[in-house]
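Worksheet for the structure shown next.
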Amino acid sequence: MKASSKVGSIEIVGDTVQLKRQQILGSPAEARILKIDHLTGIEFKRAGVIDPGYIKMIHPGGASNSSILSSKYYDLDTIRFDIFDQDEFLKVRSVLMERITGTIFVDDEAQRVASGQIAMAAIGIIVAAFAIWFWITIFTS
């Protein structure tokens, strides 16, 4: 199972997780391979319209997730994604959580919003507001 974004990808291959991150200015991608048995958890943040989401592998010897200095942009155990790639990353998170905990992972459906729904609603509101403004400006002059 694989999820990809513009800045990296995460793939479950057998009993490992492969993290690939794009580097700046077209340099080769960084690859990191972690055994699923060594993972203690996953930190996951859903993407917003402006703010990217991320999935971070938590394991012994990894960067501390509580450190003020840790940055999701530079952490080798973290892959960022935008709202349009979020569904793929949610599926990978579910599979990994099931493999880590040994139980079925149930996502909170109340919080789940399909990828792009918020962005498309915002774009629709902006277009509608512009159309109304344009109509008022043209026909009331």
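The values are calculated or read from the model by the stated rules, or taken from the named source; none is laboratory data. Please read these numbers as outputs of a predicted model, since none were measured by experiment. Here the Cβ positions follow ideal geometry from the backbone for every residue, glycine too, while neighbour counts run over all protein chains shown.
Listed by first and then second residue, the pairs with beta-carbon distance under 7 Å, at least 6 apart or on different chains, first residue in the range 104-132 and more than 18 Å from residue 52 (Cα to Cα) and part of a loop (DSSP other than H, G, I, E, B), second of a type outside the set (Lys, Arg) and modelled with pLDDT of 85 or more, are 104/98; 105/94; 105/97; 105/98; 107/90; 107/94. Of the residues making up the range 1-44, those that are farther than 14 Å from residue 92 by Cβ and free of Cβ contacts under 8 Å to residues at least 60 places away in the same chain number 19.
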